[in-house]
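Below is one structure, written out as structure tokens; the observations come after it.
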Amino acid sequence: MRNATRRARRHRRGLSASALLAAGLALGGPGAQAQQASPVGQFNDQTQPRTDPAIAAKPTDPVRVGPLAPWATDMAARGLTFDINIYDFYQANPTAGLRRGEQSNSAYFVLSMNADMQRLANIAGGTIKFTQTFFGLVRNLNMAADIGDTTVGYQPPYTPNNNRLSLLTYEQKLLDDRLVVELGRTHPDRYYGLPPCNSINSCFQDLFYFNAGFTSPLFAVWGANVAYQMSPTSYIQAGAFTVNPNTNVLSGYDWGYERISGALVMTEIGTKTTYATHAYPGRVSLTGFVNTADHDDNFKTVFGTSKGLNPGDPVLQKSGTSGVVLTGTQTVWRADAGLITKGDVNLHPTAISLYTGTGYAFDPTIPIRFNSFFGVLLEAPDQSRPNDTYGLKVNWQRLNENYTQFLADANFISGGSGAPYSRDKLIFEANAHLDIGKGVILEPVVQYVVNPNSFWNPYTARRARDGFYGGFTLVVPLGTLLGLAPG
């Protein structure tokens, strides 16, 4: 049981697909493994309906600069576009977690291609999207078990393979692009509850990964999504995705071997504005999910087996779970008071915005009952560096009572004290998004955790400790630098 649990814990969440989408890339349920080159405010505009008129305006002549620009421009005229982005993640837990003083690193080389079916086959509004991810510079795949906690830092997925299919879909836009349908190998994280924060390392909603059961975002599953733009600023969407446990050891192409244990059904309604049309823009979305897959019933589990049964008997299972997530951001102050100077609208004003991501689970048998983060973001404090941001955030998470009892039981039978784990945890965070130049971005983050848990490594005699975590993400838009993609 212990080994099986450890193996399951290795299937972790990964890099936010929404963040990848912001860089111009095309990148579910219990039993599945859990988890920006441009400013965060533009996350989902490539997947959700174009709800902003400025976003709806397509560039007539995108400019490419670099050694491959002539070839890429010619291929774009034929209907094929390409991009390459590199994401390097470093993290360390000097004082926090189960095994303190550890470090890890992993790099993602994300290659994408889009085929414009209007140019290739005279199918208006059709696009074939493909993304492949390669993993490299990997050090310490056990970092999640070293930290243990469900939320601290960014714990990359267990990647024994060196590459993974991340996207292979057909997208069709209809009704003057107001209706968008996409299906194939995709991921719900591309569409739902997109993060309002400005740090890939730490901006994710745990209920999606632990309760709804998202796979790591770069690990595609079968799915389909339909989104409709109701007005210039509002949209509604619904989608269904397969729940694929233990997919980290697969390549994404071995479709006959992967296990599908259920379906994840999601819906969302939202509204969003930007500086292009509103002096004080905001964004809010309400997301609901239902997952039909079976999961361990922590309400009826103790000492790694089922209550009242013999040791070693399988843990009882419960079918299905559900929850809701509210995500929002709102600009509350800007240095120029929203005034238009010389007829120009400032798309990157010095401003302060507030944001939140709050989720509640209706099911007491799964690990997390409530998770809410609240933050403040200072945008472009120096107008000569319009893409820089600095942020502060606090994250509060509450576990279900029976899951904290399971963690205490697991600690006890592993030789630990068996002392109860707190249901409530707090994480205090400082982060930044720094434009180094030529589109290269550095995102450092520092956190201090109070009452961490041992989710990723429950069967250990160690106890998770309060303390500091630190890390950074380096984003290199290689495709833009080479001239494959517009700058």
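The values are calculated or read from the model by the stated rules, or taken from the named source; none is laboratory data. Keep in mind it's a predicted model, so treat the numbers as computed, not measured. Here the Cβ is made from the backbone with ideal geometry for all residues, glycine too, and neighbour counts use every protein chain on show. Note: areas computed on protein heavy atoms with side chains; ligands, DNA, RNA excluded. Shrake-Rupley method; radii C 1.70, N 1.55, O 1.52, S 1.80 Å.
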Quiz item: Roughly how many nanometres apart are two label points built 7 Å out from the Cα toward the Cβ at Ile236 and Ala430?
Solution: 4.5 nm
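Got the relative contact order for region 99-155 handy, in percent, Cα pairs under 8 Å and 6 or more residues apart? Before the final figure, lay out each step's value.
On the way: 71 pairs, mean separation 23.9, N = 57.
Rounded, it is 42 percent for region 99-155.
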Exercise. Output the relative contact order of region 378-446, whole-number percent, from Cα pairs under 8 angstrom with separation of 6+ residues.
Key: 33 percent
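Taking 0.36 nm per intervening residue step and subtracting the Cα-Cα distance, what contour gain separates Arg78 from Asp466 on full extension?
Values: separation 388, 0.36 × 388 = 139.68 nm, distance 5.61 nm.
Length gained between Arg78 and Asp466: 134.1 nm.
Ranked by accessible surface with a 1.4 Å probe, highest first, in what order do Arg462, Arg99, Arg398, Arg64 come?
Result, largest first: Arg462, Arg398, Arg99, Arg64.
With the full set of protein chains in place, find how many percent of the accessible area of region 79-198 is carbon and sulfur; take the probe as 1.4 Å. Let's see the in-between values first.
Values: 2360 of 4030 Å².
Exposed carbon and sulfur together represent 59 percent of the surface.
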Quiz prompt | Between region 270-295 and region 410-430, the Cα center-to-center distance that results, in Å | solution = 33 Å
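Between Arg385 and Asp254, what FRET efficiency comes out of the Förster formula 1/(1 + (r/R0)^6) with R0 = 35 Å and r the beta carbon distance, rounded to 0.05? Intermediate results must be reported in sequence, preceding the final value.
Values: r = 46 Å, r/R0 = 1.30.
Taking R0 as 35 Å, the efficiency between Asp254 and Arg385 is 0.15.
Contour minus end-to-end for Ala419 and Leu474, with contour as 0.36 nm per residue of separation and end-to-end as the Cα-Cα distance?
Details: separation 55, 0.36 × 55 = 19.80 nm, distance 3.93 nm.
Result: 15.9 nm gained on full extension.
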Practice problem: Leaving ligands, DNA and RNA out of it, rank Val332, Val221 by accessible area with a 1.4 Å probe, largest first. | Solution: Val332, Val221
Practice problem: With θ set to phi - 60°, apply the Karplus curve 6.51 cos²θ - 1.76 cosθ + 1.60 along region 103-118 and write out the HN-Hα couplings as whole Hz, x wherever there is a Gly or Pro. | Solution: 9, 8, 8, 7, 10, 10, 9, 10, 10, 9, 8, 10, 10, 7, 6, 5
Self-check item: region 177-285 shape via C-alpha gyration tensor axes, a/c threshold 1.5
Solution: prolate
Practice problem: Multiply the residue separation of Thr95 and Thr277 by 0.36 nm, subtract the distance between their alpha-carbon atoms, and state the gained length in nm to one decimal. | Solution: 61.0 nm
Practice problem: Counting only C-alpha contacts under 8 Å and six or more residues apart, can you give the relative contact order of region 183-237 as a whole percent? | Solution: 44 percent
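Rounded if a/c is under 1.5, else prolate if a/b beats b/c, else oblate: with a ≥ b ≥ c from the C-alpha gyration tensor eigenvalues square-rooted, which is region 312-470?
Numbers: a/c = 3.43, a/b = 2.26, b/c = 1.51.
Verdict is prolate for region 312-470.
At a 1.4 Å probe radius, which order do Trp456, Trp396 fall into by accessible area, largest first? Could the numbers behind the result be given before it?
Working: Trp456 10, Trp396 105 Å².
Largest to smallest exposure gives the sequence Trp396, Trp456.
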Quiz item: What FRET efficiency would be calculated for the residue pair Asn162, Ala121, taking the C-beta separation as r and a Förster radius of 25 Å, to the nearest 0.05?
Solution: 0.15
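Accessible area per residue, 1.4 Å probe, Å², for region 359-419: what's the number? Intermediate values should be presented prior to the final figure.
Numbers: 2430 Å² over 61 residues.
So region 359-419 comes to 40 Å² accessible per residue, rounded to a whole number.
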Quiz prompt | Pairwise FRET efficiency - Asp177 versus Ile269, Cβ, R0 = 22 Å, nearest 0.05 | solution = 0.70
Practice problem: Give Lys393/Lys438; Lys173/Lys425; Lys173/Lys393 a once-over and call out the pairs whose C-alpha atoms are over 32 Å from each other. | Solution: Lys173/Lys425; Lys173/Lys393
